[in-house]
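A quick write-up on the structure given underneath.
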Amino acid sequence: MEYPLASVIILNWNGGTYVEESIVSILKQNYPEYELIVVDNGSTDFSLQTIKDRFKDKLCLIENKTNMGFAAGNNIGIRQARGEYVVLLNNDATVDISWLKELVAIAEIDPSVGMCASKVLNYFNRDIIDTAGHLVYRDGLNRGRGRLEKDKGQYDKIEEVFFPSGAAALYRKAMLDEIGLFDEDFFAYGEDADIGIRGRLGGWKCVYVPTAIAYHRYSASSSAYSPMKAFFVERNRAWVALKNFPLPILALSQLYTFKKYFLQAYAVSFNKGAAGKFASKYSAIYLLYILFKANLSAMSKIFTMCKKRRQIKEMTRVSYKEIVSWFRDFEISAAELSFKD
């Protein structure tokens, strides 16, 4: 039997000790044809030296002088990749021994499958779901399907999902050659939503593979409620919508944003959801400042994003009716976004 080459990319930035476990979990894979590429994003801790000392002859190591972000860092690895499939794994995640084999097997069944999503569980509480594919809100924000639910087998079916989490995802190289790589303007957060939606617009499918299991330390590289994360998440969700949403949905997106803000303000008063946790750690005023700053930053590149929107429209291969069906089938509510961590 012939096995297509899969290029696994681990992007490391100050991965401490946990990046070792991530690398070891790949080296133990029972899939015979893979290459491992580790891109170090200007780490200032001991993790880069650890990788050199322990795994020098077992992987391809690329050293960036500075932190180039998730998008640009992974793009460097993708350009180096020789495989038919590009498979991303966060440096704060580990995988089961058959993870890669299961992902490739499903992708091989149907050549129109451009992406595969893993079943990602919480690293510390392995009966809790981190994500089983991703859902989207109508202002561009996205959230993992099933996040924080107890795993009772409710997501154990192979099925179509909107797009995968970039923490543990397979992308067909042919799809990336057609639609382009991660948008480096994003730097971090939301770039997996952007590339996933672009893939769907290009006519590619995304399949969830429940037997491809990863374990993720959520936001280990950056605090779950840090100002940096809050800024990038809010700014980049605006760009996701502006670049990819059909005009009627985009025109209404601000109404959905206001609805979300209203519910988040309510959640803050009860210390609920990510907004509530952020406000309790910093302040509600500081949260407002971050949101204002993020939206101002989003507007500063509105012409750049409109140019990219035109390019995406030219490569779109699906009907408006099908796009609308995605927002029906894979939508997350404002209440879940606001009151759930």
Quick one: plug the Kirkwood hydrodynamic radius of the chain (C-alpha pairs) into Stokes-Einstein at 25 °C, 0.890 mPa s, and report D in µm²/s. 121
Treating the beta-carbon of each Lys and Arg as +1 and of each Asp and Glu as -1, no other charges, what is the dipole magnitude of the chain about its Cα centre, to the nearest 20 debye? 1220
Over the stretch 1-148 - Rg/Rh using Cα atoms and the Kirkwood inverse-distance radius: 0.96
Dipole magnitude of the stretch 1-76, debye to nearest 20 (Cβ charges: Lys/Arg +1, Asp/Glu -1, about Cα centre): 120
Got a sec to turn the phi values of the stretch 285-292 into Karplus ³J(HN,Hα) couplings, 6.51 cos²θ - 1.76 cosθ + 1.60 with θ = phi - 60°, whole Hz, x for Gly and Pro? 5, 5, 4, 4, 4, 4, 5, 5
Taking amide H positions as placed in the peptide plane 1.01 Å from N, state which residues far from Ile332 in sequence (5 or more) or on other chains have amide H under 5 Å from it. Val136, Tyr137
Apportionment of accessible area to carbon and sulfur, the stretch 1-131, percent (1.4 Å): 50
27 Å Cα-Cα threshold exceeded, pairs from Lys157/Lys243; Lys243/Lys293; Lys205/Lys308; Lys52/Lys205; Lys229/Lys272; Lys152/Lys340: Lys157/Lys243; Lys52/Lys205
Using a probe radius of 1.4 Å on heavy atoms only, what accessible surface per residue do you get for the chain? Whole Å² is fine. 44
Leaving ligands and nucleic acids out of the surface, order Thr50, Thr257 by accessible area at 1.4 Å, largest first. Thr50, Thr257
Around Gly202, which amide H atoms from residues at least 5 apart in sequence, or from another chain, sit under 5 Å from its own amide H, with H modelled in the peptide plane? Arg317
In the stretch 75-155, trypsin sites (Lys or Arg not before Pro) in a DSSP loop with at most 12 other beta-carbon atoms within 10 Å: Arg82, Arg126, Lys152
Please report the accessible area of Trp204 (heavy atoms, 1.4 Å probe, ligands and nucleic acids excluded) in Å², nearest 10. 40
For the stretch 54-70, Karplus-derived ³J(HN,Hα) couplings (6.51, -1.76, 1.60; θ = phi - 60°; whole Hz; x for glycine and proline) come out as 8, 10, 3, 9, 10, 7, 9, 9, 10, 10, 8, 6, 10, 6, 8, x, 5
P(r) of the stretch 84-142 in 5 Å steps, Cα pairs, percent per bin? 4, 13, 23, 23, 19, 13, 5, 0
Given charges at Cβ of Lys, Arg, Asp, Glu: the stretch 300-341 dipole, positive-most of Thr304, Phe330, Ser319: Thr304
From the phi of every residue in the stretch 28-34, what ³J(HN,Hα) in whole Hz does the Karplus formula 6.51 cos²θ - 1.76 cosθ + 1.60 yield, where θ is phi - 60° and glycine or proline is x? 8, 4, 8, 8, x, 10, 8
Once the whole set of protein chains is in place, how much accessible area is left on Met228, using a 1.4 Å probe, in Å² to the nearest 10? 90
Short version: what are the Cα gyration tensor semi-axes of the stretch 121-248, square root of 5 times each eigenvalue, largest first, in whole Å? 23, 19, 13
Just want to confirm a number: the relative contact order over the stretch 250-301, from Cα pairs under 8 angstrom separated by 6+ residues, in percent. 17
Sorted by chain and then number, the residues having a modelled amide H within less than 5 Å of the amide H of Leu11, at least 5 places away or on another chain, are Val39, Leu89, Asn91
Distance between the stretch 322-339 and the stretch 60-107 - C-alpha centres, whole angstrom: 28
Heavy-atom SASA rank of Cys206, Cys306 (probe 1.4 Å, accessible area, largest first): Cys306, Cys206
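The values are calculated or read from the model by the stated rules, or taken from the named source; none is laboratory data. It should be emphasised that the depicted structure is a prediction, and the values quoted were computed from it without experimental measurement. Here Cβ is always computed from backbone atoms with ideal geometry, including for glycine, and neighbour counts include all displayed protein chains. Accessible surface areas use protein heavy atoms only, side chains included; no ligands, DNA or RNA. Shrake-Rupley method; radii C 1.70, N 1.55, O 1.52, S 1.80 Å.
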